[in-house]
1. Looking at the stretch A:239-298, which of its residues are under 30 Å from residue A:84 (Cα atoms) and β-branched (Val, Ile, Thr)?
2. Looking only at the stretch A:640-661, which residues are among the basic types (Lys, Arg) and either in contact (Cβ under 8 Å) with a residue 12 or more places away in the chain or under 26 Å from residue A:176 (Cβ atoms) (or both)?
3. For residues in the stretch A:46-57 being of a type in the set (Gly, Ala, Ser) and at pLDDT 85 or above, which is surrounded by the fewest Cβ atoms within 10 Å (Cβ to Cβ)?
4. Tell me, which residue of the stretch C:147-166 that is surrounded by 18 or more Cβ atoms within 10 Å (Cβ to Cβ) and at the interface with another protein chain (Cβ under 9 Å from one of its Cβ atoms) is nearest to residue C:114 (Cα to Cα)?
5. Within the stretch B:11-29, can one find any residue that is at pLDDT 65 or above and either under 30 Å from residue B:106 (Cβ atoms) or more than 18 Å from the chain's Cα centre (by Cα) (or both)?
6. For the stretch C:217-229, check the following and say yes or no: at least one residue is under 17 Å from residue C:111 (Cβ atoms), charged (D, E, K, R) and either assigned to a helix (DSSP H, G or I) or at pLDDT 85 or above (or both).
7. Is it the case, given these coordinates, that residue C:58 is acidic (Asp, Glu), more than 24 Å from residue A:729 (Cβ to Cβ) and either in contact with a helix residue (DSSP H, G or I) (Cβ under 7 Å, 6 or more places away or on another chain) or touching a residue at least 12 places away in the same chain (Cβ under 8 Å) (or both)?
Amino acid sequence: MGKPGGRNLGWEVARMMNLDARWIKIWRDLWSNKTRFLLVTLSIAVGVGTIGMIYNASHIIQRDLYAQFKRGNPAHVFLYAAPFPKEIAKAAQGLREVKQAQARRVVRAEIRSIKGEDENLTLHVVADPSAFEVNRFFMEQGEFPPRVREIILERQSADLLGYQVGDSVLVKLADDRQYILTVSGIAHDVNEIPFAILGEASGYVNMDTLRWMGEIPLYNRLEVIVEGEKVGKDVALEVAEKIKKRVLEPAGYPVFSIRIPGVGSDPGDHWAHNQIRGFILILQIMSVMATLLSGGLIINTISAILIQQTKQIGILRAIGASRKQIVSMYLLNVLIFSIVGFLLAIPFGLIGSWWLANFAARFLNFDVSRVTLTWDVLLIQFGVAIGMPLGVAIFPILNGTRISVYDAIYQFGLSSRKRVSRLEKWLSRIRSINPPLLLSLRNTFRQKTRLAFTLGTLTLAGAMFIASFSTYSSLTAQIRDVERYVAFDARISLPRGISKVAAEREALRIEGIGYAEAWALSEGVLVRADHSESQGIEIVGLPPNSKTIQPKLIAGHWLTPLPNSRQVVVNADLATEEAGIDVGKEIQIKIGGKTHTFTVVGIVSKHIFGPRVYMDYISLTRLTGRHNEADEIRVLAEEGKLGSLATQDLVAEKLQERFRNAGLSKQNSVTRASFFSEFTEVFNIILFVLLLMAGLLALVGSLGLSGTLGINIMERMREIGVLRAVGAANHALVKIVLAESLVVSFVSWVMGAITSAISSPILAAVVIYAVLETQMNFRYSLIGLALWFGVILLIGVFSSLLPARRAAQLQVREVLDYE
Amino acid sequence: MTQLSVQEYQKQYSDRTLADIEEYSSVSPLIEARDLWKVYQTPSADVPALKGITLSIQPGEFVIVVGKSGAGKSTLVNLITAIDIPTRGSVLFRSQSIFDLPEDQRTRWRGKNLGIVFQFFQLFPTLTIWENVKISMDLLGEIPMSERKERALDLLRQVGLEQHARKVPAKISGGQQQRVAIARALANDPPLLIADEPTGNLDSRTSEEIMDLFASFVARGKSVLMVTHDRGALKWASRVVEILDGKLLG
Amino acid sequence: MSSVDILKHSLPHVGVVMETTSPTKPLIHLKGVSKIYQTDAGRFVALDNVDLQIHQGEFVSIVGKSGSGKTTLINLITGIDQPSSGEIYIDQKPVHLLKESEKAVWRGLTIGVVFQFFQLLPTLTVIENVMLPMSLCNLYPGNERLERAYELLKLVQVEHQADQLPSFLSGGEQQRVAIARALANDPPIIATDEPTGNLDSHTAETIMALFQDLTRRGKTLLMVTHDPDLAARAQRTIALADGRIVRA
């Protein structure tokens, strides 16, 4: 508490404006306890500022990212086809439904970074640089189009690879053909999934360069914008189908796949549109929680003020203040907190949104143009900053002023009470020969409303904390589930025409490889009952007794070794996406232009990386006409056992080297671990954000607990004086306060554990849906529960430090004189 | 220390009060307590604090209720000021029954007609001395805004504290704080001052000064009701009533 | 344990063995004790150079008007307040040199304090309130505490209320419990400030009788009061006025 005699600015201001002494009193009371003033205004500022931060940031992201994305004129749908001339685009544009069509060549290559590591690279060639209109990018340095032997790099790729304009870069194409290109420019391409996320760099060359690199000067991707305002997925696919049937196929260019750009986005939307929406949703939940918690803190503080001022309220009543006058005085008090909190919240929200938008911009590769204060966000902030504190404070104010004048003046601080609640009677039955411990235990439950707020905050924090861990463990459990389908130590892709037997034999010759197995891969589409076609599906032909897959069956059974049986097993990704797929049902799949009927014998668990159909190796090769050919070889160091990280690396290196030397494949091999590394990185970011959130809640909860203990001590000053008088040393007082704190902490832990049973699956579902666009199995994290127990104990100890010190510092005489 | 019994006091002052009583006999009492009972309910038993007190105060009287701790003095003050509610009985102010008024009107009545002085002064610690006096006027709002400050300073002059007007209560002594409390009690010019052990926390010299101050306001037409256990204060009273175990003696 | 030997100690049992104090040596000895309060309003002398000796077994009342310094005097003896100057010896221990936390334990063992407003802890039952000082000073083995607390309640005749919360008791009963609590650690001195201030005259009478009984059992009793009738019940009356002893 500040000295009441201290003079300051607020004091002088109030004096100068010959105000009603009531308002002067409120003003001075606020100034007399600056710590509390700061605590309340900051808690309002944090809650309301978080709202501003999140709403402003989502406003900025939507404005800048989506505007920059729209500026590039994004395609609605891609058609991947056999190499075709650019005139095809003109023909497609002739269709009534097509607004724009553009041909592009995309080539998978590798680029050596400045650190000497080979990274994946997608090389783009735009058909007509003078009419570059779809999925456009914008030059930041240098000129477009690039000249021969020049390459323009996407800015994030250039940044992470370590290249600048004028540098020479090594680009490798299939069959290990290596070329040196000069970086002639840096482009900003919002259409491409950034290097930082996908691990694939983007580069742009002209057709002459590509021809020089030994590629045929034709195009393989048709980028289409459909006529109409808002184009749905089905419309875009329908139009693509029409282009395929009327333009590409009649001209003799088979279409391999039709794809809507993005990760489950709608046509014309940013590739991460749904994920961003999900992420903003999570942030909004966070801002609502922060607001609720700051509301709790305000209730606690206002109660504390009213307790401190109970006697003064009594005196005010005694000298003629009506209840209405007193209520309005304390509402004004709250209003001042609110306005100052609101004023602090505006810059806090702006700075926060600038930080958050820039974080997103770096991650998603867009530019933040400016941070603006919009009226609607300001209005929401104002409403919450003013409305919420008044709304929550009105209860303690009405309660605090309802107390009779007599009680306010004479009874306050005395311990005799008329009523004893059932809970207290029950607690009085607990017997112990240690009365100080009983004192802590029973004191905890004396102020039930106050306790409820503290418990509520800590319970919420605990539920959030455990839910975060559960979300993470659900994600990792899901990953572990996915691992069943990637149960190899290393894998390498094979070019066309490699024999299965040759590949397996070669792999088994390598020292340290105990098992090898070749798969045939193909792509197809599901033909629905109404003859419409699905997006592309991965078709896998594998030996039914495969050792590099451990299928987890949800329904039915795995493939039986009956060649040509037309049995298929589908994954849950396909089964949930397409209606009418079930065990025993027949499905129609179009492979290589022909539609075949299959019987679904089993459904396996979710793969996350897309819909897949498994069938017997021989059945698939018969359908594709590529008898005895393999597309991928999967190896294990030891049959029936997954290798360690080191084993995987060793096996992968040997495999790559041997296959290269034997002229079987020039591809890079992939280990199981590397397959998952990107997943886990994204998950770690999610866990970090969630824990940050739980940490914030825990911090506010801890402030609340500390405040509550402080108020309790203030209320029971006399009792502390009595304890001192009957022989309580410092450590005894500290123990009593600490025990009370730990009782609250423990109760909140139990309640948090119970609440987390509900909060965890909800949070996990929301987060997983937002990030992966899929539903997953939930796994409760017992580790999270145990960790929270440790955290809550620490919170209990830390929260009691200050109040305990205060209790120990009280002088007995002061306490007993306390009136 | 010579101590006089209540009877002796009454005898001593009877000559003076007799004339007063005749003067006021045509006037109704300022405030009147009728058969006041206060029973505190505890879980174990009902504890009566007041057992049927009847007391009236005429305008211009200085009445002191004297009794030991626990006799019911404070309870009596709390009931007469309507700070607490009686279990039975009524309080009439100028023939108006106070407990028949709704709570808010009772509060206004108290602010307008009673000036209460507490044992522990009970000034607002964050307000200056003159602001402590002014707040009573601000709350009631009957004295014109422009006159309030002037009136506050004038009251402080009357209790001899005008030079301390801009200090906060903590900067002045206990006796001075009690003078401020008296000035505050007079802010809305009430006809009746009620004081609960106003000298209970003061040394003997300061107590005498405070008692003189009360007497001076009685001389200027105010009525005073005071409760105390200090028999030394009785010589200022125009009438003394003794209370024991919740009943008035004699 | 009989109700007689629960109060066998009349001297502090801190330290190892106490030398039997000769009757001439005072139990409480104040030498030139002053207490000056420095307030914003100025210097206030509450006690002015007080010398005082009280012997074991005495029943001493301290009287004076409000503001005479009687509460300050008892607060200094119980170590609740610190003297501005002078020395206070209780059983030859220099109390004025103890730290606040040390004083709490010393007080718990040496002086039982009985307050005007009883000050029982509302969340503890009657018997737990009596056991509290034993726990805090870690006196008596754990299993004896309950038995001893019960004997003390018997002594003050409220043993039938042992398992009640204090709010269920009448004022007089609460004060009896407070006295039992003051006796919990068997201290040689009982100090009390207006112990009957909140009780009616009949109940006050029974409390006074209890105090007189305790002095017969060898306890030293200090009682602050402004009531001359109560003061007269003590063997010796110390009168204070404006911070000085006017009659001892």
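The values are calculated or read from the model by the stated rules, or taken from the named source; none is laboratory data. Bear in mind that the values here come from a model prediction, so they are computed numbers and not experimental data. Positions of Cβ are backbone-derived with ideal geometry, glycine not excepted, and every protein chain shown enters the neighbour counts.
1. If the condition is that a residue be under 30 Å from residue A:84 (Cα atoms) and β-branched (Val, Ile, Thr), then A:239, A:243, A:247, A:255, A:258, A:260, A:263 are the ones that fit.
2. Answer for the stretch A:640-661, where residues must be among the basic types (Lys, Arg) and either in contact (Cβ under 8 Å) with a residue 12 or more places away in the chain or under 26 Å from residue A:176 (Cβ atoms) (or both): A:654, A:658, A:660.
3. Keep residues of the stretch A:46-57 that are of a type in the set (Gly, Ala, Ser), which gives A:47, A:49, A:52, A:57.
Checking which are at pLDDT 85 or above leaves us with A:49, A:52, A:57.
Values: A:49: 28, A:52: 29, A:57: 24.
Only one residue tops the list, namely A:57.
4. My answer is C:166.
5. Within the stretch B:11-29, one or more residues are at pLDDT 65 or above and either under 30 Å from residue B:106 (Cβ atoms) or more than 18 Å from the chain's Cα centre (by Cα) (or both).
6. For the stretch C:217-229, residues under 17 Å from residue C:111 (Cβ atoms), charged (D, E, K, R) and either assigned to a helix (DSSP H, G or I) or at pLDDT 85 or above (or both): present.
7. Judged against the criteria, residue C:58 is a match.
Per-residue answers, yes or no, for (1) touching a residue at least 40 places away in the same chain (Cβ under 8 Å); (2) facing another protein chain (nearest Cβ under 9 Å); (3) in contact with a Gly (Cβ under 7 Å, 6 or more places away or on another chain); (4) surrounded by fewer than 22 Cβ atoms within 10 Å (Cβ to Cβ):
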residue	(1), (2), (3), (4)
B:97	no, no, no, yes
B:108	no, yes, yes, yes
B:116	yes, yes, no, no
B:126	yes, yes, no, no
B:133	yes, yes, no, no
B:144	no, no, no, yes
B:153	no, no, no, yes
